[in-house]
Structure formats: C-alpha cells, structure tokens
Ligand SMILES: [Zn+2]
C-alpha cells in the first residue's frame, strides 16, 4: 500500500506532511493526469480539420462558452476553490453536490484530490513541499523554463498524492461528496458527452452531436488549462 511520509520540521524548515510517494501512487497519478489531458489535446488537434470541413456554428460556440463557464468558472473556481478548499461561503447540500459535479467535469482531478493538493499548496506556498510552485526549479533562464513546465503540468506527472483524510476530512466524510469523488471519471465522461448529446438533439444530426462533443466537451470541459489562482 502507499507509503506515507511525514517529515517533522527541522530547524526553520516547514512541516512536510502526509503525501504518499510510493511508485504505485505516482504511476497512478501520472496515468490519471495523462488521461485527463488526452481529450483536450485530441480536440485541439482535430478542431482545425473540423472547421475546414464543417465550420463553427452558433450552437457550437454557445455550448463551448456554457461548458467552459460551468466547469471552470462555477465548478472549479467557485466550487472546488472558493467553497470546498477555502470555505469562503456556506451553501445547501444540493448546491454543494452540484458544485462538486461541475468541478469534477472540469477534469482537474477528483474533489478531495484537488482540495488536498490546493490546501497543501497554501500550507507550503513556494517552499519545499509545495506541489506546483514554479519558483523552486533553480535560477536563470533554464530554471525559469523548468519552473514554468513544472508549475503548469509537470508536477502532476511526478508528484505524490496528498492524504485526503489529513487535508480534507471535512469533505471525505460527507457521504454524497464521497460518492461524487468515487465516480470522478464518470463525471469527466459526462462532461464530454453531455454537450454532444445536446448538440445532437438540437440539430438532430451527427455533425451537431460531434460538434458539441468537440467544442464544448473536449475544448470546453477538458481543454488543458492552468488552475485557478490562489
Ligand atoms: Zn486558494
């Protein structure tokens, strides 16, 4: 099973706490990260050919904006970040469930994974142990470029897994949130397929369905993008 490390503060070093670093976990983290990147990259590669052949419709654009706003704006920024990580506001259980689902459709990791990483980031901002600091990769142009890569994506291929029971027991112990968490990959799939379904039903054509899947699902929900700010 995953090993857990807890380095006690030494001298002026901060507490480095509870991150599983076993090869098994890092491999699983890497596979999950690549899997989440794939739909967005595929979408970006296919999009120019699709535009050449079929153009872009108002419905495609509308679905793209709707899914982008719902997943990144509402789900990840308002839900995962402000509400679940920082507790900036309180709300009802049904709305918490909806925020958790929309954030999961944003394909940046499951709820407890996202919150655990982000709480750890705030605990150790820009010092050793910060999961995705761009400022710890050395000096000079090479260090800056290494930091840019690490801060945006590289960290998710090499970093361990913060222990959710340490960082967010307040979420892990809520049954309906734990259920959303368990079904994370299904929600990602729903974020891809749902706009395709809408596109297909509105136009009653396969091109309408694929347009929805491509623009709103692949590029809107899962497009590679940076995480919300602090
Ligand atoms: Zn924050």
Item to complete: Kindly list the number of the only condition in (1) within 24 Å of residue 207 (Cα to Cα); (2) surrounded by fewer than 18 Cβ atoms within 10 Å (Cβ to Cβ); (3) at pLDDT 90 or above that fails for residue 55.
Response: (3)
Worksheet item: With respect to residue 163, is the statement that it is touching a strand residue (DSSP E or B) at 6+ places or on another chain (Cβ under 7 Å) and modelled with pLDDT under 90 true?
Response: yes
Worksheet item: Given segment 34-151, what helices (runs of 4 or more DSSP H) lie entirely inside it while holding 1 or more residues that are more than 19 Å from residue 176 (Cα to Cα), more than 16 Å from the ligand (Cβ to nearest atom) and without any contact (Cβ under 8 Å) to a residue 24 or more places away in the chain?
Response: 58-68, 140-149
Item to complete: Check residue 158 against each of (1) within 27 Å of residue 67 (Cβ to Cβ); (2) away from the ligand (no atom under 16 Å from the Cβ); (3) modelled with pLDDT under 85 and name the one condition it does not meet.
Response: (1)
Practice prompt. Select, from 137, 100, the only residue that is surrounded by 19 or more Cβ atoms within 10 Å (Cβ to Cβ) and touching a helix residue (DSSP H, G or I) at 6+ places or on another chain (Cβ under 9 Å).
Written response: 100
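Residue-wise test of (1) surrounded by 13 or more Cβ atoms within 10 Å (Cβ to Cβ); (2) modelled with pLDDT of 90 or more.
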residue: 10; (1), (2): no, no
residue: 44; (1), (2): yes, no
residue: 71; (1), (2): yes, yes
residue: 79; (1), (2): yes, yes
residue: 88; (1), (2): no, yes
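The values are calculated or read from the model by the stated rules, or taken from the named source; none is laboratory data. Keep in mind it's a predicted model, so treat the numbers as computed, not measured. Here the Cβ is made from the backbone with ideal geometry for all residues, glycine too, and neighbour counts use every protein chain on show.
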